[in-house]
Every structure is written in C-alpha cells, then in structure tokens.
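Participant: Starting off with a structure, shown below.
What follows is calculated from the coordinates using simple rules that are stated; it is not laboratory data. What you see is a predicted model; the values in this text were computed from it and never measured. FYI the Cβ positions are ideal-geometry reconstructions off the backbone, even for glycines, and counts take in every protein chain you see.
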Amino acid sequence: MRLAVYPGTFDPITRGHTDIVSRSLSIFDRLIVAVAPNPRKGALLSIEERVELAKIATKDFANVEVESFNGLLVEYVRQRGAHAIIRGLRAVSDFEHEFQMALLNRKLDERLETVFLMPSEEYSYLTSSIVKELALFGGELEAFLIPEVAKRLREKYGHETR
Ligand code: PNS
C-alpha cells in the first residue's frame, strides 16, 4: 500500500486542493491530508475548523484521512510511514518556494520524495488567500469552495445571507 501525505495550511480547503487529492489517489493507494497550524501565516480558521472542513471536503474519497500535525513535516511523514509528500504546483510563481521546501525536506530525510501535481487549469490561479479576499467583500464563492466551506467563510466575514 503506497501512502502519501498531502500537507498544507488549508485555510480553507478549496476545490483546487480536492482536485489534487483526486489526482494523488490515481498514483497512491492512501492519502493523508495533513493540516499544519502554520502560525506564521496568521490563519483565519482555527486548526480544528480547517481539519473539520477538510474532512467534509474529502468525505466522498475512499482511502483519505485528514489530521493535523505539529512540528517538522519530515518527522510526521516518517512517523506515519508514508512514502512521499504531495504538493500542488499551480504556476511558475509557486516553483521557487516549492523547490526550496522539497530540497530542504530531502536534506532532512534523503529517502523522502516530493511529488508535484498540477491541478486542473480551471483552478490554476486559485489560492486560499484570494478566496478569503473574495469572501471578505461578499463575492460568490461556490465555484472555488464546496458549499459547507463557502458558508463557513461567509459566516466568518459576517456575510451569511442564505
Ligand atoms: O499550504 P502551505 O501554507 O503552502 O503549506 C506549507 C507547509 C505546511 C507544507 C509547510 O509550511 C510545512 O511543511 N510546515 C511544517 C514545518 C516544516 O516542516 N517546515 C520545514 C519545511 S519548509
């Protein structure tokens, strides 16, 4: 059974993320969506909310677990006995940071591979940050987020009208 870990801040999980989950499952038998607290990023949603929403967003996929982790990703991946880290790569602008992280993680554990997957082009510009900005100003969210996540974001910004 090939197990991969898909780590991220997931603040919140978007349709771009679930597209990557789906693609990962065509390569790996099992996937753990691993939600990092990432306090430096100043998340809108609590870690518990991010895990809860990621569980809802991935409930229709077999062989996907969602959990949070603390500390170094490589240690978590090792502890879970996973074979690879999955990262979504949207555009050239993602590349430099992802390249640094992948090489750093490999330096920390040389057996660990990072697998980059490209989302469907309709999500290639999508980030959790731009979705939050859209939510802040009351924009339509359903093209980017599943309804439960869209609702939670509207509530956060006081735009819950339906
Ligand atoms: O969704 P993001 O914010 O791009 O995810 C970044 C994440 C959580 C994968 C990265 O910050 C991470 O791996 N954090 C755990 C701490 C760690 O291992 N840092 C060293 C690698 S940069």
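Participant: Within the chain, how many Lys pairs that are eight or more residues apart, or on different chains, come under 28 Å at the alpha-carbon?
Facilitator: Number of lysine pairs found: 14.
Participant: Could you tell me which of rounded, prolate or oblate describes the stretch 3-122, using a ≥ b ≥ c as the square roots of the eigenvalues of the alpha-carbon gyration tensor, with rounded for a/c under 1.5 and, failing that, prolate when a/b is larger than b/c and oblate otherwise?
Facilitator: rounded
Participant: Mind checking the stretch 61-162 for chymotrypsin sites (Phe, Trp or Tyr not before Pro) that DSSP puts in a loop (not H, G, I, E or B) and that have at most 13 other Cβ atoms within 10 Å?
Facilitator: On the way: sites: F61, F69, Y76, F95, F99, F116, Y123, Y125, F137, F144, Y157; in loops: F61, F69, Y125, F137, F144, Y157.
The qualifying sites are Y125, F137.
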